[in-house]
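Note sheet for the following structure.
The values are calculated or read from the model by the stated rules, or taken from the named source; none is laboratory data. Because the structure is predicted, anything quoted here is derived from the model rather than measured. No Cβ is skipped: glycine too gets one built from the backbone with ideal geometry, and neighbour counts run over all protein chains shown.
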């Protein structure tokens, strides 16, 4: 069935609706009395704002706080450099200076956070997470994920969470939104937007070139930053076969081409080797899960610069399931995936950490770092997957992943040396988001 006769999405109207929803979300949290919610007050008046990186600075909305983190041991993941008795100066949510005590000018009267006995790292990045509520967004940031990339939501909640983070940074991670899943069976997601409802009448679901393009176009019209699709069925549903392929190379290439026309990348849910290979050669930006990815595909990923986001945390979680099918699947997949992660790292494939948290349970991004270390990465390389590596995947590596001048004032404090014990990252003693201590 051809969809070309349907008028294209109208971003001017529904975009306002999405941002108005974000304002309502921020306002709901403010009523609850959550700290720093007052910065959401300008959300309603800014509902028509664009999605540019500087949007949070417009309309009088606070960009962040002023803070000096003093006395801790600072780790720079990019270089591995360790600075003892360090000072980090944050002004309006941005790092203005960082270095050893005595080498950095500290503003008089500045609010100071004593970090003696603590290690100071940049805020972590969760490159695959599903944030559908304000509570989930708050949990993620309080566990150290100060930046994140959405793995899709059912009704564009991630776009609202992204706007919430811009207006009230203490309440949510800085988010790269994926909108709704490009998948054969949209289910209730056809109700996420009036421009998706015509797809409900398609007998075979979202499979034709026209239907695939339509979902991508609606996502981009609604303000999605990236596109999420799949090549295999889900591992987390016992009735599905994760090795069964649902989209062909040609269908994936259609999705990638539609996204690229608007300058956007694609992340792809995958498990089977053939599915992984089809997705990578179709031009995706990052391979998600990818338990059975083989050497030929990993070499192709290295050649193309395709990222690997293995979501070890999610696969490890399956092994703990009370469902015997899922538990066996997790026990089988996890060691295979760990070997794939180490092979990817040794070949030079870029890795990014992601928990694949969803359904109201937000897992700490530090757990993914722990599993990267268990897969065979050094502690520093494991930390990089949740800092500099993930930041490059999200295209924010000039502002996220380090604590240097011009970078975001996002940090975590841990009570010991993470280069000796990465498990410390699962339980940060303090999180700072845009210069605001949480």
Checklist outcome for this item: Apart from one, (1) more than 16 Å from residue 180 (Cβ to Cβ); (2) part of a loop (DSSP other than H, G, I, E, B); (3) out of contact with any strand residue (DSSP E or B) (no Cβ under 6 Å at 6 or more places or on another chain); (4) touching a residue at least 24 places away in the same chain (Cβ under 8 Å) all hold for residue 284; the odd one out is (3)
Checklist entry - What is the residue count in the range 338-356 for residues that are assigned to a helix (DSSP H, G or I), farther than 18 Å from residue 300 by Cα and in contact with a strand residue (DSSP E or B) (Cβ under 8 Å, 6 or more places away or on another chain)? => result 0
Item to check | Residues of the range 177-198 satisfying the condition of being in a loop (DSSP other than H, G, I, E, B) and in contact (Cβ under 8 Å) with a residue 60 or more places away in the chain | outcome: 178, 183, 184, 193
Checklist entry - If residue 337 satisfies every condition in (1) closer than 27 Å to residue 238 by Cβ; (2) without any contact (Cβ under 8 Å) to a residue 40 or more places away in the chain; (3) surrounded by 17 or more Cβ atoms within 10 Å (Cβ to Cβ) but one, which is the exception? => result (2)
Next on the checklist: Residues to consider are 295, 273, 320; find the one that is in contact (Cβ under 8 Å) with a residue 40 or more places away in the chain and assigned by TED's automatic domain parsing to the domain that holds residue 221.
Outcome noted: 295
Item to check | Some residue of the range 228-239 being part of a loop (DSSP other than H, G, I, E, B), in the same structural domain as residue 277 (by TED's automatic domain parsing), free of Cβ contacts under 8 Å to residues at least 40 places away in the same chain and touching a strand residue (DSSP E or B) at 6+ places or on another chain (Cβ under 7 Å) | outcome: no
Item to check | Residue count for the range 240-267, restricted to those that are within 20 Å of residue 206 (Cα to Cα) and either more than 23 Å from the chain's Cα centre (by Cα) or free of Cβ contacts under 8 Å to residues at least 40 places away in the same chain (or both) | outcome: 19
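Results for (1) surrounded by fewer than 24 Cβ atoms within 10 Å (Cβ to Cβ); (2) closer than 15 Å to residue 317 by Cβ; (3) at pLDDT below 95, shown as yes or no for each residue.
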| residue | (1), (2), (3) |
| --- | --- |
| 354 | no, yes, no |
| 357 | no, yes, no |
| 361 | yes, yes, yes |
| 367 | yes, yes, no |
| 387 | no, no, no |
| 396 | yes, no, no |
| 408 | no, no, no |
| 411 | no, no, no |
Checklist outcome for this item: Residue hits (the range 357-383; outside any helix (DSSP H, G or I) and either under 18 Å from the mean Cα position of the chain (by Cα) or free of Cβ contacts under 8 Å to residues at least 40 places away in the same chain (or both)) are 357, 358, 359, 360, 361, 362, 363, 364, 376, 377, 378
Next on the checklist: Return the residues of the range 62-85 that are closer than 18 Å to residue 388 by Cβ and either crowded, with 19+ Cβ neighbours inside 10 Å or within 24 Å of the chain's Cα centre (by Cα) (or both); say none if nothing qualifies.
Outcome noted: 74, 75, 76, 77, 78, 79, 80, 83
Checklist entry - Would a scan of the range 157-173 turn up a residue that is in contact with a strand residue (DSSP E or B) (Cβ under 8 Å, 6 or more places away or on another chain) and at positive phi? => result no
Item to check | Every residue from the range 111-131 that is under 13 Å from the mean Cα position of the chain (by Cα) and either over 26 Å from residue 99 (Cα atoms) or surrounded by fewer than 20 Cβ atoms within 10 Å (Cβ to Cβ) (or both) | outcome: 126, 127, 128, 129, 130, 131
Checklist entry - If you take the residues of the range 200-218 that are buried (at least 22 other Cβ atoms within 10 Å of the Cβ) and out of contact with any strand residue (DSSP E or B) (no Cβ under 6 Å at 6 or more places or on another chain), which of them is nearest to residue 165 (Cα to Cα)? => result 218
Item to check | Sole exception among (1) buried (at least 23 other Cβ atoms within 10 Å of the Cβ); (2) outside any helix (DSSP H, G or I); (3) without any contact (Cβ under 8 Å) to a residue 60 or more places away in the chain for residue 104, by number | outcome: (1)
